[in-house]
Amino acid sequence: MNKYNTIFGQMLDFISRSHFEKLVKEYKTEQGAKGLRSWTQFIAMLFGQISGQHGLRSIEHGMNSQKNSWYHIGITSVEREVKRSTLSYANTHRDAGLFEALFKSLVIQAQSIPDKHSFKFKNPLYSIDSTVIDLCLKLFPWADFRKEKGGIKLTIKLDHQGKIPCFAVVTDAREHDTKGIKKVPYNPGDVFVFDRGYVDYAYFESLCMEKVWFVTRLKKNAVFRYSKKRSVTEGANVLSDYEITIPSLSNEITLRKIIVRDPETKKKIVILTNNLQWSSATIAGIYKDRWQIELFFKALKQNLKIKRFYGNSKNAVMTQIWIALIAYLLFYMLKQKSKQWELSFTIFISVIKTMLFQRICLYDWLCGTSPPIKPKLSSCYNLEFIW
């Protein structure tokens, strides 16, 4: 008898069923429901994300072909089969806030796992950026973006301690980035790094008042005054370091303008920050590490289903996005629990989609060891024929 649950079931062990049921009652997603439970809906949609299914029909066939494993992933015998029509109805009408709340609870769980970023300072480091998800305006009329094009904008706050999304918000694609960033929460001592598309001096002033550090790029048409020149190391990639003030700010706040040269492209990058303590090389390194959020968006779009959706309603789209982010958090928690595992997210998804319902020890597989071999029957029990 195999003592291991399926790989899919072992992944779901990170999610507390009791907490999930509390969220179900809080958001009333099963009020008046007689068939498909919210847990089954979640499992089916997560299966579609990890296995890369192209539609609800393929999710239906894939789930129904594994009925022998349903009990071990929490699907009761009352639910005889997964139907695409029922799943489509649930995605359209059941509040996607359930999965948003589940994502937030998993973020707290993931951030409790010891990890650190690549810098010496102990302040939390976060990258903020957004990506536009293109939609067909005829199929998604609620996502009005341009004259003949629809879209939504996904804004992510990436925690460099683990490279995981710790906050996400979905808005209209028309909304400017400077409005989206104001929805991102922060605490005193946090370090934010973002591109110059988020430059808003009034927002910078509020960050300074809350003692939040920021690192970004200075716009070419920025108006400022030089107040002090700081020393730089000769021969390094840092070309200059000045303290400046912005006349448009109501309070006279001292900022830093640092010019660095990209060692690969040889282009000059003008960096703006309110941190007057750390070295210019550290500030330049922080901005360079902003590339981690670009890698995150690349991995998310290439390996999970957030560009092609299983439903056309806004609620169905939101449900799919939140479950995609949950799948990424599950990958991170698996990676941290198996310390010797060094697979990338792309390799993980490409391999695990073929093994979801196999019964082997997940951590042995992740660490590269083989599952235990069953001992053969001893020869003393073999029958002997005497002629």
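The values are calculated or read from the model by the stated rules, or taken from the named source; none is laboratory data. Predicted, not measured: the structure shown is a model, and the values here were computed from it. Quick reminder, even Gly has a Cβ in these numbers, built from the backbone with ideal geometry, and neighbours come from all protein chains shown.
Assorted remarks:
- Qualifying residues in segment 171-192 (those that are in contact with a Gly (Cβ under 9 Å, 6 or more places away or on another chain) and hydroxyl-bearing (Ser, Thr, Tyr)) - the one surrounded by the most Cβ atoms within 10 Å (Cβ to Cβ): Thr171
- When Glu294 is tested against (1) surrounded by 15 or more Cβ atoms within 10 Å (Cβ to Cβ); (2) in contact with a strand residue (DSSP E or B) (Cβ under 9 Å, 6 or more places away or on another chain); (3) in a helix (DSSP H, G or I), exactly one condition is not met: (1).
- Any hit, segment 93-104, residues being touching a Ser or Thr at 6+ places or on another chain (Cβ under 7 Å) and either within 30 Å of Ser279 (Cβ to Cβ) or not in a loop (DSSP other than H, G, I, E, B) (or both): yes
- Of the candidates Phe348, Phe357, the single residue that is assigned to a helix (DSSP H, G or I) and at pLDDT 80 or above is Phe348.
- Test: residue in segment 271-284 that is in a helix (DSSP H, G or I), in contact with a Ser or Thr (Cβ under 6 Å, 6 or more places away or on another chain) and touching a residue at least 60 places away in the same chain (Cβ under 8 Å): yes
- Of the strands (runs of 3 or more DSSP E) lying entirely inside segment 175-250, those containing at least 2 residues that are within 29 Å of Phe145 (Cβ to Cβ) and modelled with pLDDT of 95 or more span 191-193, 213-217.
- Pair list, Cβ < 6 Å and 6+ apart or interchain, from segment 52-81 residues that are assigned by TED's automatic domain parsing to the domain that holds Leu36 and touching a residue at least 60 places away in the same chain (Cβ under 8 Å) to residues that are hydroxyl-bearing (Ser, Thr, Tyr) and assigned to a helix (DSSP H, G or I): Leu56/Ser88
- Of the criteria (1) in contact with a Phe, Trp or Tyr (Cβ under 9 Å, 6 or more places away or on another chain); (2) in the same structural domain as Ser69 (by TED's automatic domain parsing); (3) at pLDDT below 95, which one Tyr89 fails: (1)
- Within segment 172-185, residues that are without any contact (Cβ under 8 Å) to a residue 40 or more places away in the chain have Cβ atoms under 9 Å from residues that are among the aromatic types (Phe, Trp, Tyr) in these pairs: Asp172/Phe145; Arg174/Phe145; Thr178/Tyr198; Thr178/Tyr203; Lys182/Tyr203; Lys183/Phe167; Pro185/Phe167, counting only partners at least 6 apart in sequence or on another chain.
- Restricting attention to segment 72-91, the residues that are touching a Gly at 6+ places or on another chain (Cβ under 9 Å), in a helix (DSSP H, G or I) and surrounded by fewer than 20 Cβ atoms within 10 Å (Cβ to Cβ) total 4.
- Restricting segment 113-170 to residues that are among the aromatic types (Phe, Trp, Tyr) and farther than 19 Å from Phe297 by Cβ leaves a set whose member that is surrounded by the fewest Cβ atoms within 10 Å (Cβ to Cβ) is Trp142.
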